[in-house]
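Here is the structure we will look at.
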Amino acid sequence: MSDNLCIVVLGASGDLAFKKTYPALFGLYKNGFLPVRTQIVGYARSSIDLDDFKKRISSKIKIANATEGQALTQFLEKCYYTNGAYDKPESFIKLNAFVQNLEGGVTGARHRVFYMALPPSVFIPASKGLKNHLYTTRGSNRLVVEKPFGKDFDSSKELSKALAESWHEDEIYRIDHYLGKEMVKNLMVIRFANIFFSAVWNRFYIDNVQITFKEKIGTEGRGGYFDEFGIIRDIMQNHLLQILTIVAMEKPVSLDAEHVRDEKVKVLRAMTPLAVEDVLLGQYTASADGSVPGYLEDPGVPKDSVTPTYAAAVFNINNERWSGVPFILKAGKALNEAKAEVRIQFQDVPGNIYGNVGRNELVIRVQPNEAVYVKFMNKQPGLSANPIMSELDLSYHSRYNEPKIPDAYESLILDVLKGDKSNFVRDDELDEAWKLFTPLLHKIEGEKIAPKKYQFGTRGPEGVDDFVAKHGYQRHHEYEWTPSKI
Ligand code: BG6
């Protein structure tokens, strides 16, 4: 985009915009990835003084040195703010005039990116207002949308239909920020650029796959929002399922976005919707010392809520590559640690002549301390002939000199500017994802199935270890990987 670019951030006074969108835009600016003629227009209902708005943007941006401080000053010069409604044509007409005025006498193309950091209630009117009054015929138009994309198959379909009345699928960028994470982006390279992995990436060698998301914090302050959605919609149906599709898909014909997304959809189509027997649900209670309140004590949460804050689920993929290999997804808040990882456990060594031999595992640590490591057996150094478990460890912080790992949003917004849709969710992908979870969600909610309680700061509800063991995972008790020192 060497021409004029206007990025309109709708919902600019909200948390998402300040915490994610603006810092990501600044990251792109400071690394020289925003076109020279870029304006960023914040838009929200409340009237905010431009200087105050800029102060709020700055407050969420970390500055490492004087050069970055200078860059921030220059970046803020590109930021504007105007307010208006999300459902009134006149507000959008006014917004268009504001944008046109900034574009001024620019010659050449005028591209517009509309970033909707908005609550679902105003999603549709805002997308229509943008199409009717801000759609430019002098350049490209791109609409970036953030979850939640509905609450189940029907509501998501309704949303997609309403969006499709104004916007062409090609112009829509549905963000799942996990697709912008460095190690999630790395999954395809690991799989398709290494012959030794591709040879064993199937049911003949892999016993089970676990994809885990753990967070230490509870729902603090977000209880009202969270209770409507729960951990399955918040993390599993989107972030973890997206990772699963990349781990399981066939090699795409090319890196073309549609080729990649075609393969992801095929995986989803080969999966069976979850039944209640396939899941383990949990909800956290107060911390042991009582200092952190339990989920039901969160002010926004009804006292009798059965919304899960923890879930483990197992999927089977009914295709030639994966038939019989359990894919276990685990997601929880208020746990003992924060991490996200993919753990591929291989089968036992056939005809084992050593006795105590643990299984090989390939682990892709998404966060924190990005790493790829393989657990493998090695002869104990010295006079002993015993095998011990060790690791081949590619820890980013020790292997790469100060690796510059971009924030997921930074990477995804850059993709939007480049028009690369491979890391965004396509409408049919979304449909298939909802099909897998909707019957379960309706059953849990319809029958008010109670989750098992677990204490804040623990490993989750009782039964998690049995759940993963039942689906084939074997823990090697004598070994724990310690990340290389940063
Ligand atoms: C969001 C969820 O999509 O992802 C949050 O709504 C969760 O509940 C967050 O905390 C986790 O993202 P990250 O990037 O911090 O792992």
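Looking only at the stretch 400-426, count every residue that is closer than 15 Å to PRO23 by Cβ and touching a Lys or Arg at 6+ places or on another chain (Cβ under 8 Å) and tell me the total.
4
Among the residues of the stretch 103-121, how many are open to solvent by 20 Å² or more (accessible area, probe 1.4 Å) and in a loop (DSSP other than H, G, I, E, B)?
Summing the residues that are open to solvent by 20 Å² or more (accessible area, probe 1.4 Å) and in a loop (DSSP other than H, G, I, E, B) in the stretch 103-121 gives 7.
Would you call VAL265 within 14 Å of ALA433 (Cα to Cα) and in contact with a helix residue (DSSP H, G or I) (Cβ under 7 Å, 6 or more places away or on another chain)?
Judged against the criteria, VAL265 is a match.
Which condition breaks for HIS133 when tested against (1) open to solvent by 40 Å² or more (accessible area, probe 1.4 Å); (2) modelled with pLDDT under 95?
Of the numbered conditions (1) open to solvent by 40 Å² or more (accessible area, probe 1.4 Å); (2) modelled with pLDDT under 95, the odd one out for HIS133 is (2).
Answer yes if at least one residue in the stretch 412-422 is within 16 Å of the ligand (Cβ to nearest atom) and either open to solvent by less than 50 Å² (accessible area, probe 1.4 Å) or not in a loop (DSSP other than H, G, I, E, B) (or both), and no otherwise.
Yes - at least one qualifying residue is present in the stretch 412-422.
Checking ILE124 against (1) under 27 Å from the mean Cα position of the chain (by Cα); (2) crowded, with 20+ Cβ neighbours inside 10 Å; (3) over 15 Å from PHE18 (Cα atoms), which test does it fail?
The one condition ILE124 does not meet is (2).
Regarding PHE92, is this residue surrounded by 17 or more Cβ atoms within 10 Å (Cβ to Cβ) and in contact with a strand residue (DSSP E or B) (Cβ under 8 Å, 6 or more places away or on another chain)?
Taking the combined requirement at face value, the residue does not satisfy it.
Please go through the stretch 195-253 and pick out each residue that is near the ligand (Cβ under 10 Å from one of its atoms), in a helix (DSSP H, G or I), open to solvent by less than 40 Å² (accessible area, probe 1.4 Å) and not basic (Lys, Arg).
PHE226, PHE229, ILE231, ASP234, ILE235, ASN238, HIS239
Would you mention how many residues in the stretch 91-127 are more than 25 Å from ALA164 (Cβ to Cβ) and either of a type outside the set (A, V, I, L, M) or not assigned by TED's automatic domain parsing to the domain that holds PRO23 (or both)?
9
Only one of (1) open to solvent by 60 Å² or more (accessible area, probe 1.4 Å); (2) of a type in the set (Lys, Arg); (3) outside the structural domain of PRO368 (by TED's automatic domain parsing) fails for LYS185. Which number is that?
(3)
All but one of (1) closer than 21 Å to ARG475 by Cβ; (2) surrounded by fewer than 17 Cβ atoms within 10 Å (Cβ to Cβ); (3) within 16 Å of the ligand (Cβ to nearest atom) hold for VAL349, so report the exception by its number.
If we test VAL349 against (1) closer than 21 Å to ARG475 by Cβ; (2) surrounded by fewer than 17 Cβ atoms within 10 Å (Cβ to Cβ); (3) within 16 Å of the ligand (Cβ to nearest atom), just (3) comes out false.
A quick yes/no check of all residues on (1) at pLDDT below 95; (2) open to solvent by 20 Å² or more (accessible area, probe 1.4 Å):
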| residue | (1), (2) |
| --- | --- |
| ARG37 | yes, yes |
| VAL41 | no, no |
| ASP51 | no, yes |
| LYS55 | no, yes |
| GLU68 | yes, yes |
| LEU76 | no, yes |
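Within the set of pairs 6 or more residues apart or between chains, which connect a residue that is of a type in the set (Gly, Ala, Ser) inside the stretch 209-231 to a residue that is near the ligand (Cβ under 8 Å from one of its atoms) with Cβ atoms less than 6 Å apart?
Pairs that qualify, where the first residue is of a type in the set (Gly, Ala, Ser) and the partner is near the ligand (Cβ under 8 Å from one of its atoms), are GLY218/LYS333.
Residues are listed down the side, and each one gets a yes or a no for (1) within 16 Å of VAL200 (Cα to Cα); (2) open to solvent by less than 10 Å² (accessible area, probe 1.4 Å); (3) within 16 Å of the ligand (Cβ to nearest atom):
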{"site": "GLU297", "(1), (2), (3)": "no, no, no"}
{"site": "GLY300", "(1), (2), (3)": "no, no, yes"}
{"site": "VAL306", "(1), (2), (3)": "no, no, no"}
{"site": "SER323", "(1), (2), (3)": "yes, no, no"}
{"site": "GLY332", "(1), (2), (3)": "no, yes, yes"}
{"site": "ILE344", "(1), (2), (3)": "yes, yes, no"}
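Restricting to strands (runs of 3 or more DSSP E) lying wholly in the stretch 1-95: which have 1 or more residues that are closer than 27 Å to PRO148 by Cα, within 26 Å of the chain's Cα centre (by Cα) and not charged (D, E, K, R)?
Ranges flagged: 4-10, 38-44.
Looking at ALA340, ALA408, can you tell me which residue is open to solvent by less than 20 Å² (accessible area, probe 1.4 Å), out of contact with any Ser or Thr (no Cβ under 8 Å at 6 or more places or on another chain) and not β-branched (Val, Ile, Thr)?
ALA408
The values are calculated or read from the model by the stated rules, or taken from the named source; none is laboratory data. Remember, it's a predicted structure, so these values are computed and weren't measured experimentally. Heads up, the Cβs are rebuilt from the backbone with ideal geometry, glycines too, and the neighbour counts pull from every protein chain shown. The accessibility values were calculated without ligands, DNA or RNA, using every heavy atom of the protein model including side chains. Shrake-Rupley method; radii C 1.70, N 1.55, O 1.52, S 1.80 Å.
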